[in-house]
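A short reminder: the numbers here are calculations on the coordinates, not readings from a lab. On a predicted model such as this, the values are computed, not experimentally measured, just so you know. Ideal geometry is used to build each Cβ from the backbone, glycine not excepted, and the neighbour counts take in all protein chains shown.
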Ligand SMILES: [Fe+2]
Ligand SMILES: [Fe+2]
Ligand SMILES: [Fe+2]
């Protein structure tokens, strides 16, 4: 490479980037004011905002059942869970803002459909058993995704994830407890639980992302510790730990090909319908429009409250100023 | 008559990956001086890799007298904790 024309600027940025990658490799954290490659910043804004949007939209399917929870105990638990999800969204939005994007821009991206959120929230919640299945499976899959992120390279993201994971632990248990109650109830109740599992099983597997051969960012994400295991590894982990839990409930996982492989010690499983996944991602899921409408309506109908609060704060400030004079 | 230098609250990140923690306060004429002074007052032994200074008047603190109404409501919300949910012992990974 002797003939290579030396461009001092690109040389410098290359070495900056090398230093940067080496820091991450040493398990050092990157903080907002540190130098970072533009791609690192962009990727993090994309992933963190997508995560935040998922927490916010994720409140809608469960919010659907708060007023119809079968007991005060269940209602308090579900309300507390949905409230936590709102909190998770807020932690993540503010962590994202440390990278120099404003909350307004982030909302704009969500409301215009430019930004994505987890497509699992585009499925309807038609019975109470769905609250059980979501806590058990959807939060279960989310936990598997999120635990490794507690050690990701970007400091604000890692710290937000530590709080999220701590709070997440009750979500799955309350869901599983709902399933357990239904499965030990009347035959109709147990059937309801089975029906919910049937509908949520495959979308939960899809939640862990496209298969490794179709997943484009894996290598880069591994380097930046946005990922510690591949999608397929995470999915296998999810299946391996969930199947015995279904056995305890006495429910059947809706996959005729599911079988424990004595050689590998893992469960083999059937083909995932990725065509369905991509349809939902593209906006053709059963509830995409409904979810976006609910979100945008909430934002627009809340505008007068935000304005009134601002007007009140300004008035108070003027009052205090007058007092000071 | 001389004017007193305002008070600043000092937050130091001891290492990347950890949050800034409140280390204490000091007086300085402006933010830049507060940073310089904070460096000397609080990080003489490599205690930090990043400093934030915030003028104390910009911090609104809760009143300890209101601790009851602020914090007590969380006490009886035991359903926010995982141990509230009863699962059989043989359920693993949860
Ligand atoms: Fe969450
Ligand atoms: Fe989450
Ligand atoms: Fe959750």
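Could you work out Rg/(2.2 N^0.38 Å) for segment B:33-87, with Rg from alpha carbons only?
So the Cα radius of gyration is 2.00 times the expected 2.2 N^0.38 Å.
Cα centroid distance between segment B:1-61 and segment A:156-208, in Å?
45 Å
From the Cα trace of segment A:87-224, what convex hull volume per residue do you get, rounded to a whole Å³?
Looking at segment A:87-224, the number lands at 125 Å³ per residue.
If each Cα of segment A:1-150 is one equal point scatterer, what is log10 of I(q)/I(0) from the Debye formula at q = 0.13, 0.17, 0.21 Å⁻¹?
For segment A:1-150 at q = 0.13, 0.17, 0.21 Å⁻¹, log10 I(q)/I(0) is -0.73, -1.03, -1.31.
Normalising by the residue count of chain A, find the relative contact order in percent from Cα pairs under 8 Å and 6+ residues apart.
About 18 percent, as a whole number.
Hey, any idea what Rg/Rh is for segment B:2-77, computing Rh the Kirkwood way over Cα pairs?
Using only Cα positions, Rg/Rh for segment B:2-77 is 1.13.
Can you give the FRET efficiency to the nearest 0.05 for residue A:264 and residue A:116, using r as the Cβ-Cβ distance and R₀ = 35 Å?
E(calc), rounded to 0.05, equals 0.60.
Can you tell me, using C-alpha contacts under 8 Å and at least 6 residues apart, the relative contact order of chain B as a whole percent?
Worked out over chain B, it gives 27 percent.
Using square roots of five times the C-alpha gyration tensor eigenvalues, list the equivalent-ellipsoid semi-axes of segment A:135-175 in whole Å, biggest first.
Taking √(5λ) for each Cα gyration eigenvalue gives 20, 10, 5 Å.
Per residue, how much space in cubic angstrom lies within the convex hull of the C-alpha atoms of segment A:252-320?
Per residue, the Cα convex hull of segment A:252-320 comes to 206 Å³.
In degrees between 0 and 90, to the nearest 10, how far off the longest principal axis of chain B does helix B:31-42 point, with axes built from Cα atoms?
The answer is roughly 70 degrees.
Would you mind checking the radius of gyration and Dmax of segment A:144-300 based on alpha-carbon positions, in Å?
Using the Cα atoms of segment A:144-300, the pair Rg, Dmax is 17.9, 56 Å.
Arranged by the count of other C-beta atoms within 10 angstrom, fewest first, what order do A:134, A:239 take?
Ascending Cβ contact count within 10 Å gives the list A:239, A:134.
Using the count of nearby Cβ atoms within 10 Å as a rough guide to exposure, how do A:200, A:299 rank from fewest to most?
Ascending number of Cβ neighbours within 10 Å: A:299, A:200.
As an exercise, take the mean of 1/r over every pair of distinct alpha carbons in chain A, invert it, and state the Kirkwood radius in angstroms.
Here the Kirkwood hydrodynamic radius works out to 22.0 Å.
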